[in-house]
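Beneath this line is the structure, given in structure tokens, with notes to follow.
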Amino acid sequence: MSDTERHYDIVIAGGGMIGTSLAIALAPLGLRVAVIEAVARQSTGQPSFDDRSTALSRSTQRMFEAMGLWDDIVAAATPIRSIHVSDKGRFGFSHIDAEEQGVEALGYVVINRVLGGVLQTAMKGVEKVDELCPARIVDIDLVPGSAQVVVDLGDTRQTFSCDLLVAADGANSQVRDMMGIEATKSEYGQRAIIGNLLPEMGLDRRAFERFTSQGPLAVLPVADNRAAFIWTVSEDDAERVLALDDEMFLGELQREFGYRLGRFSRVGKRASYALILSKALRLTATRSVLVGNAAHGLHPVSAQGFNLGMRDVAALCDCIADAAQGTAFDPGSPELLERYASWRHSDQKKLVRFTDSLVKLFGSARRPLRTLRNIGMLGFDLVPGVRSTFAKHTMGLAGRLPRLSRGVPLK
Ligand SMILES: Cc1cc2nc3c(=O)[nH]c(=O)nc-3n(C[C@H](O)[C@H](O)[C@H](O)COP(=O)(O)OP(=O)(O)OC[C@H]3O[C@@H](n4cnc5c(N)ncnc54)[C@H](O)[C@@H]3O)c2cc1C
């Protein structure tokens, strides 16, 4: 290791959607924070702030409100006033409505690149946050006294020490591996193809989720009367679908979705993502902790990965803010890490299980599951309380909520 040059209270590995949000959320506490991001901000290969659209839940909205960013985000976002859930080849559908849930919107859709612009501007304005980018963590040493982090800056290497190292470097987290935390990974054998198109009829703030034999297809309202789609296809068929010309692509997408929005046209650039469920076996190691996809990588079927990660951020900030009120403040103390891990355990487990069973329930052609899913769809719409519980989870309002998830600033 090279000589230690600087000490930080907190080093965040990964300046994607979650790492950047965490750095901004911590700002009121006045801690010295470093964010280390591997991919240059303006690079087209930036893997977090790309062309995907993300549906922000109500609890994420509250967090951004408490962080003072919501006005900028909502100006570039589209509200969802209802979600229409259907099953291709079956009659009937389920419907979740904002008014029925007593909220203004069930969520807001924002393009990751646009959200990234707001977050990066905000992070630059936080005095005590240093951003190192492009830079990559290549080695760590975790001892009870402090964590050492070796950073590769391209032409040089630097070593920093910190009280707490946060791994926010995504589902394939190398920092998680360096922390000695194993993760289970299972492939869904599916690929999500994303892009946007122009439907004949306006979405009017309605979102659609349609379960097909290949997997779920989501159509979300975005700006300029366009619709963003997240189309899950089987891995075996993905290359063929991606190679289709615009007209053929729209034809196949239309066959899966149907005509409830009229004819689709003017499809934009497509990109694709392999879908994998990943779960870390632990959330903490000595002076270090996992947040976001580094802790749990979900199927996008329920639009929950980022929102769940934001609840990690809210809980970690709550634990740190509480500890900061005491005398011998240490953001990496075993007690603080234990509190964070036990707080996040249940929410993460529930969401991972819920999302995974949704994929399996609605993605299977096997008879017992088909029968179950018919009951599921009916139960979903008719059994009192089921829809409301589902909506509470998707809005991120179930369970004990930390300050930021309630819209309360840290300080
Ligand atoms: C098609 C699709 C649609 C989705 N839609 C939704 C949705 O509607 N709602 C929702 O809540 N979620 C959604 N998600 C999930 C959401 O995108 C992820 O949960 C979210 O991006 C996780 O953010 P993250 O910052 O934890 O990880 P990432 O976005 O993977 O960011 C990790 C960052 O760490 C950096 N990095 C990696 N390794 C290193 C290293 N060694 N050193 C330094 N930096 C490093 C990377 O460059 C990157 O910037 C969707 C996912 C997909 C695939």
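Overview of values
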| quantity | calculated |
| --- | --- |
| Under the span-like rule (Cα at least 20 Å along the axis, Kyte-Doolittle mean at least 0.5), DSSP H helices of the chain | 305-324 |
| Dipole of the stretch 92-169, positive direction: furthest Cα of VAL166, ILE96, GLN148, with charges on the beta-carbon | GLN148 |
| Carbon/sulfur fraction of accessible area - the stretch 293-340, other protein chains in place, 1.4 Å, % | 53 |
| Residue-normalised accessible area of the chain, expressed per residue, 1.4 Å probe, Å² | 44 |
| Semi-axes of the equivalent ellipsoid for the stretch 17-121, Cα gyration tensor, largest first, Å | 31, 18, 11 |
| The stretch 14-134 - percent of accessible surface contributed by carbon and sulfur, probe 1.4 Å | 51 |
| Cα→Cβ-extended label distance, 7 Å offset, between PHE329 and SER265, nm | 5.9 |
| Among 203-209, 226-232, 156-162, the order from most to least packed when residues are scored by Cβ within 10 Å on average | 226-232, 203-209, 156-162 |
| SER405 - accessible surface, heavy atoms, 1.4 Å probe, Å² rounded to 10 | 0 |
| Cleavage-rule hits (trypsin sites (Lys or Arg not before Pro)) in the stretch 50-121: DSSP loop, at most 10 neighbouring Cβ within 10 angstrom | none |
| Accessible surface of HIS7 - all protein chains present, 1.4 Å probe, nearest 10 Å² | 80 |
| Restraint check, LYS279/LYS360; LYS185/LYS360; LYS279/LYS411; LYS185/LYS349; LYS88/LYS360; LYS88/LYS350, Cα-Cα greater than 24 Å | LYS279/LYS411; LYS88/LYS350 |
| VAL39 - accessible surface, heavy atoms, 1.4 Å probe, Å² rounded to 10 | 40 |
| Stretchable slack from MET248 to ASP71, in nm (0.36 nm times residue separation minus alpha-carbon distance) | 59.8 nm |
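The values are calculated or read from the model by the stated rules, or taken from the named source; none is laboratory data. Source: prediction; values computed, not measured. Ideal geometry is used to build each Cβ from the backbone, glycine not excepted, and the neighbour counts take in all protein chains shown. Accessible surface areas use protein heavy atoms only, side chains included; no ligands, DNA or RNA. Shrake-Rupley method; radii C 1.70, N 1.55, O 1.52, S 1.80 Å.
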